[in-house]
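A.B. asks: After the structure tokens below, expect a handful of questions from me.
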Amino acid sequence: MPTNKTLRSYFHDLMNKIQGIAVNSSSFAYLYGHYPNNIDASTKDKLSKVLKDIELYYEKTFENLSLTSRAIDQSVASKEWVSVQKAIGKELNDIYELLDSVKDLSAKIREANFKDDILNITKEMGLFQEKCESVARIIDNFKERLISLGIYDSVHS
Amino acid sequence: MTLLQDRKGKAMAKILIVDDEVLITNSLVGNLKMLGYDICGAKNSKEAFEALENFRPNILLIDINLREKVSGFDILKKGLELNPNTKVAVLTGGDYPIQDCLKHGIKTVIKKPIAFEKLIETINDLIKSLDS
């Protein structure tokens, strides 16, 4: 469905989805990495929910990236966007691999080593943040370019 | 800060977080409650204004760009009217230049994507400043 949105709005939405990945992963890393005493039988359910939420936000990030791309393709910045989109795609691919690795670890949690295995997962969860920040930096740099071109607040459908 | 002081600080702080991404707001509220913070979430300006009246927060964490006519700055203004001692941090995806926030008297800006640990540090700093 066509929408009348500014590029600012597209990037706001895109950043919110990246934020969903960052908040969910860094919250789990903090709550159980800094406070191992919080780890109990319910932690596995919490981990499962967090992984589902990260996956959901990952998918939403791609959807928003695609919508953003469609909007920029109609602008004078379309050629420059190709390499930017590629760079974002690379970071998102790393995030996907990280998610796969955490899912793998979560499937192998041992009853006898429950706490250690969860702590190991919190360390992996901490790695999402850096990747999300890399995406944000790429977007920030491109936003500067859009502002200088005078099209950041122009409407695209 | 000792654990006792930490709990005392948390008890006196009432935090309102305003962000239009509802799943993120819910996740932050749930996780911060787990750590003992008294926190309430709002996903739009209507909920935020209601919370300002009923929950009476003294710490505001606000996303400036709410994708509606009312901006986070309007909520901030109302919050300061109701309680001039309210401490504020702005959450931004970089949509608004930091200079805009400074112009509105906001000294604390947290850039998205927010790391939970950074958010906790910021909240604890705001709690400390409630005393001063």
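Each value in this text was obtained by applying a stated rule to the coordinates, not by laboratory testing. Here the structure is a predicted model, which is why all the values come from computation and not from measurement. Virtual Cβ from ideal backbone geometry, glycine too; neighbours counted across all protein chains shown.
A.B. asks: Rounded, prolate or oblate: which fits the protein assembly as shown, taking a ≥ b ≥ c as square roots of the Cα gyration tensor eigenvalues, rounded meaning a/c under 1.5, else prolate when a/b beats b/c? Intermediate values should be presented prior to the final figure.
C.D. replies: Details: a/c = 2.13, a/b = 1.09, b/c = 1.95.
Taking the square roots of the gyration eigenvalues as a ≥ b ≥ c, the protein assembly as shown is oblate.
A.B. asks: Report ³J(HN,Hα) in whole Hz for each residue of region B:43-59, in order, from the Karplus equation J = 6.51 cos²θ - 1.76 cosθ + 1.60 where θ = phi - 60°; Gly and Pro get x.
C.D. replies: 9, 7, 5, 4, 5, 5, 5, 4, 5, 4, 6, 8, 8, 6, x, 10, 10
A.B. asks: Check which residues have an amide H placed less than 5 Å from A:Thr6's amide H, if you skip close sequence neighbours.
C.D. replies: The list, which skips near neighbours in sequence, is A:His156.
A.B. asks: Taking H as built 1.01 Å from N, whose amide H comes closer than 5 Å to the amide H of B:Lys14, not counting residues under 5 places away?
C.D. replies: Placed amide hydrogens put B:Asn58, B:Ile59 under 5 Å from B:Lys14.
A.B. asks: Same structure again: Rounded to the nearest 500, what is the 222 nm mean residue ellipticity of the protein assembly as shown from helices alone, with -39500 (n - 2.57) per DSSP H run of 4+ residues and division by all residues? The partial results should precede the final answer.
C.D. replies: Values: 11 runs with 189 residues, N = 289.
Rounded to the nearest 500, the figure is -22000 deg cm²/dmol.
A.B. asks: Here's a follow-up. Can you work out ³J(HN,Hα) from phi for every residue in region B:103-113, in order, using Karplus 6.51 cos²θ - 1.76 cosθ + 1.60 and θ = phi - 60°, giving whole Hz and x for Gly and Pro?
C.D. replies: With coefficients 6.51, -1.76 and 1.60, one gets 4, 8, x, 8, 9, 10, 10, 10, 8, 6, x Hz.
A.B. asks: Using each residue's phi in region A:102-117, evaluate 6.51 cos²θ - 1.76 cosθ + 1.60 at θ = phi - 60° and report the 3J(HN,Hα) Karplus result to the nearest Hz, with x for Gly and Pro.
C.D. replies: 5, 4, 4, 4, 5, 6, 9, 5, 9, 4, 6, 10, 3, 4, 4, 5
A.B. asks: Sticking with this structure for a sec: With 10 angstrom as the radius, rank A:Asp73, B:Asp74 by how many other C-beta atoms surround their C-beta, starting from the fewest. Let's see the in-between values first.
C.D. replies: On the way: A:Asp73 14, B:Asp74 17.
Least to most surrounded, the residues fall as A:Asp73, B:Asp74.
A.B. asks: Which residues' amide hydrogens lie under 5 Å from the amide hydrogen of B:Ile110, considering only partners 5 or more residues apart or on another chain, with H built in the peptide plane?
C.D. replies: HN-HN under 5 Å from B:Ile110: B:Val90, B:Leu91, B:Thr92.
A.B. asks: Also, I was wondering about something else. For chain B, set up a Gaussian network in which alpha carbons nearer than 10 Å are linked by springs, and say which option among B:Gly105, B:Gly30, B:Gly79 fluctuates the most.
C.D. replies: Of B:Gly105, B:Gly30, B:Gly79, the most mobile in the Gaussian network model is B:Gly105.
A.B. asks: For a quick check of your reading of the filter: which GluC sites (Glu not before Pro) in region A:56-131 sit in a DSSP loop and have no more than 15 other Cβ atoms within 10 Å?
C.D. replies: Values: sites: A:Glu59, A:Glu63, A:Glu80, A:Glu91, A:Glu97, A:Glu111, A:Glu124, A:Glu130; in loops: A:Glu111.
In loop regions of region A:56-131 (DSSP not H, G, I, E or B), the sparsely surrounded GluC sites (Glu not before Pro) are A:Glu111.
A.B. asks: Where a ≥ b ≥ c are the square roots of the eigenvalues of the C-alpha gyration tensor, would you call region B:26-132 rounded, which needs a/c under 1.5, or, failing that, prolate if a/b is larger than b/c, or oblate? Please report the intermediate quantities before stating the final value.
C.D. replies: Values: a/c = 1.21, a/b = 1.11, b/c = 1.09.
Taking the square roots of the gyration eigenvalues as a ≥ b ≥ c, region B:26-132 is rounded.
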